[in-house]
Each structure stands twice: as structure tokens, then as C-alpha cells.
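The structure under discussion appears below in the form of C-alpha cells.
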Amino acid sequence: QQGWQGFDNAGLYVPQLLFEWQHGRCVLSFNCFRDQNATPEKVLSHWLEHLQLVLDSGEPMSESAAPFCSTELPPAAVWQKSVAEAVAAMERGGLEKVVLTRQQQLHSHAPIPHRYMLSTLAGRYPGCTLLSVSFGEGVLLAATPEKLFEMSAESIHCDALAGTFPAYVDQPDVRMELYEHAPVVQAIEEALRPLCNDVRIEKSANPLSLQSLSHLYTSLHATPRTGLRPLQVAAALHPTPAVGGMPQAEALAWIRQHENQDRGWYTGAFGWLGDNQQAQLSVILRCALVHGKSARLYAGAGITPVSNPEQELQETCLKLEPMLDALSA
């Protein structure tokens, strides 16, 4: 499982302590299992003790764990060969796009300060959704720019994020990125239509800049049908062609056959489910799996019939930069 021991395939969790901040309003919620023998005073005392533990758990500013010993998985030449094989498979027919991933394994002389990394990511990527979750000895960190969907009883909002280029290019030629982006928008629209009364495409293929990277971004909005549940939307949307490929079944089969690495939770979804059909799920991208003195970073690229292996490799290097920078801060 390449470090993912202890991480379930899927899970729904009720937090013991929930901190919400929205529109300048802060709400602190406590949850516990009902205990017939517990008095209100005992429950309140337990909650306050847990809150104090959380307040006391902050780490001081930590020094960087760099320098690192780094290993590419697979090596760059092997990954580029996989890109060429994917392009050849598309030329033979049956595949239109497939997303291939790379990993970078880092080893340090000191434990990696994952809480400090999260603080660094929050400061540098305020427009991203952050994730920090631990199971067993592993801690997964992510700063993702992509929302799978946000839902209420009145509306659904989805991000189509596909097609990447360096942010420092003033007037980029995005024809190849548009070739990759358009099928993602189409797939999301087709997934939403049976579930919704209407689907509207807004902000079509606009650049979204995040430090050294820019992505093509399209916003989709829809009105859900009465009784539609958030997990039904998640099942219809995920995995989008932005993380899997298309046609979906053929692309996923090709990945299972040719990608000899475990993605774990990378490209999965995380978020929250509330009442009144409220939900928000994001795609786990720009992530690192930390174990003590080691970290494994993940990045991927959408391969199409016009892909160039060297350019796709450089794209994954750009996508690894946010976590590499946070590790070295």
C-alpha cells in the first residue's frame, strides 16, 4: 500500500470538536456518543478538557527538515515512456484521455514538521482548500485548488479544472490545454443533467493562477432535483476526466494495467456533509503523505493524443513545487 496503511478506502466521521468560521461568525460545536451514566456536568467537563488539548497542541515555528534525499517514482525516463505508450494507445482508438501520476519520495535527517507545513500552505495558497488527516503513523496534507462540488437544496456548483501552464507566461498558447479542458467540462455537464433541472456553464476556460501555476477553469452551476442527496452527486461526478480520463471505464482500466503505483487517497475526494442537502467535497490534489522523517509527494498530468512526454513531465514538476516549497520553508 506504499504508506497508506491505516487509511480506509472510504469513511464518514462525526467530529468530536468542530470549528466553523463563515462570514465573520465563529461556531464551536461538540459531539459525543450518548452515555446513560454521564451527567451533563461530566460531559461538559470532558468537552472542555478536549478543547484545552486542542488549544495546547499548536507547535512552535519549526525549522525546515531540509536537506532531503529524493527519489522519483517512477524515474523520469520510465514515466515519459508511459506517456508515449498512452499516446500510442489513443492513436489506436478507444482512449481519448488518461491521467498519469508521478510520486517523489523524500527522506530527511529530522522529523518533518507537518503542522508547520500546513500553516505555510495556508499562507501561500489562500484560495485553496486545505486538508490534514492522520491515520496510524501517516499524515496526509493537501492544498487543493479543485472543488468537486458544493451543494445546497437550491444549487450545485462544480469546478472544471484541467489544462496547466506556467503562470509566468504573459500570453500563453493554450490550444493544447483547451483540448484537455473541454472534455472535462462536457463530462461534468453530462453527469449533472440527469440529476438537475438545469445546468449553466459560466466563466468558461478562464485562467486561474496559483503561484507558479495557472489552470484553465470553468464554473458550472445547476439546480438539483427535489430529494437529490450529496453522495448521489459525488457518485455521478467522481472520478472526472481531470483525474481519471475518458471514456471513464477504458481510462481507469488502462491506469490499473500500466500505473504500478498505489495512489491511495490522491485524486480521491474529501469534505463535509451537512443537513438540508448541504455538502462540499474537494479533490485531493497537491498532496504529501508524511511518515516521520519521510514524505511522499503526488502529481499527475492529463495525457491526450497531442501530448509531448517532456512537456508533461515538466507539468508534473510544477505541480510538485507547492509541497516541495512547504517542506523547505
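Structure above, values below:
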{"item": "Criterion (surrounded by 18 or more Cβ atoms within 10 Å (Cβ to Cβ), free of Cβ contacts under 8 Å to residues at least 40 places away in the same chain and assigned by TED's automatic domain parsing to the domain that holds Gln103) met by exactly one of Pro239, Pro230", "result": "Pro239"}
{"item": "Only listed residue being more than 29 Å from Met117 (Cα to Cα), not in a strand (DSSP E or B) and not basic (Lys, Arg), chosen from Asn276, Asn260", "result": "Asn276"}
{"item": "Residue list for the range 285-329, restricted to those being among the basic types (Lys, Arg) and either outside any strand (DSSP E or B) or closer than 19 Å to Lys97 by Cβ (or both)", "result": "Arg286, Lys293, Lys319"}
{"item": "Flag for Ser45 being surrounded by 10 or more Cβ atoms within 10 Å (Cβ to Cβ) and under 30 Å from Cys287 (Cβ atoms)", "result": "no"}
{"item": "Complete set of residues in the range 1-25 that are touching an Asp or Glu at 6+ places or on another chain (Cβ under 7 Å) and loosely packed, with under 10 Cβ neighbours inside 10 Å", "result": "Gln1"}
{"item": "Subset of the range 139-148 (residues that are outside any loop (DSSP other than H, G, I, E, B) and either in contact with a Leu (Cβ under 6 Å, 6 or more places away or on another chain) or within 12 Å of Trp265 (Cα to Cα) (or both))", "result": "Val139, Leu140, Leu141, Ala142, Ala143, Thr144, Leu148"}
{"item": "Selection from the range 154-186 of residues that are touching a Pro at 6+ places or on another chain (Cβ under 7 Å) and surrounded by fewer than 18 Cβ atoms within 10 Å (Cβ to Cβ)", "result": "none"}
{"item": "Where Ala38 falls short, out of the listed (1) assigned by TED's automatic domain parsing to the domain that holds Gly268; (2) out of contact with any strand residue (DSSP E or B) (no Cβ under 6 Å at 6 or more places or on another chain); (3) surrounded by 10 or more Cβ atoms within 10 Å (Cβ to Cβ)", "result": "(1)"}
{"item": "Residue that is modelled with the lowest pLDDT, among those in the range 60-85 that are closer than 30 Å to Gln16 by Cα and loosely packed, with under 11 Cβ neighbours inside 10 Å", "result": "Pro60"}
{"item": "Single match in Asp262, Asp275 (criterion: under 29 Å from Arg225 (Cβ atoms), modelled with pLDDT under 95 and among the charged types (D, E, K, R))", "result": "Asp275"}
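The values are calculated or read from the model by the stated rules, or taken from the named source; none is laboratory data. Owing to the predicted nature of the structure, the values given are computational and were not obtained by experimental measurement. Glycine also receives a Cβ, built like all others from the backbone with ideal geometry; neighbour counts cover every protein chain displayed.
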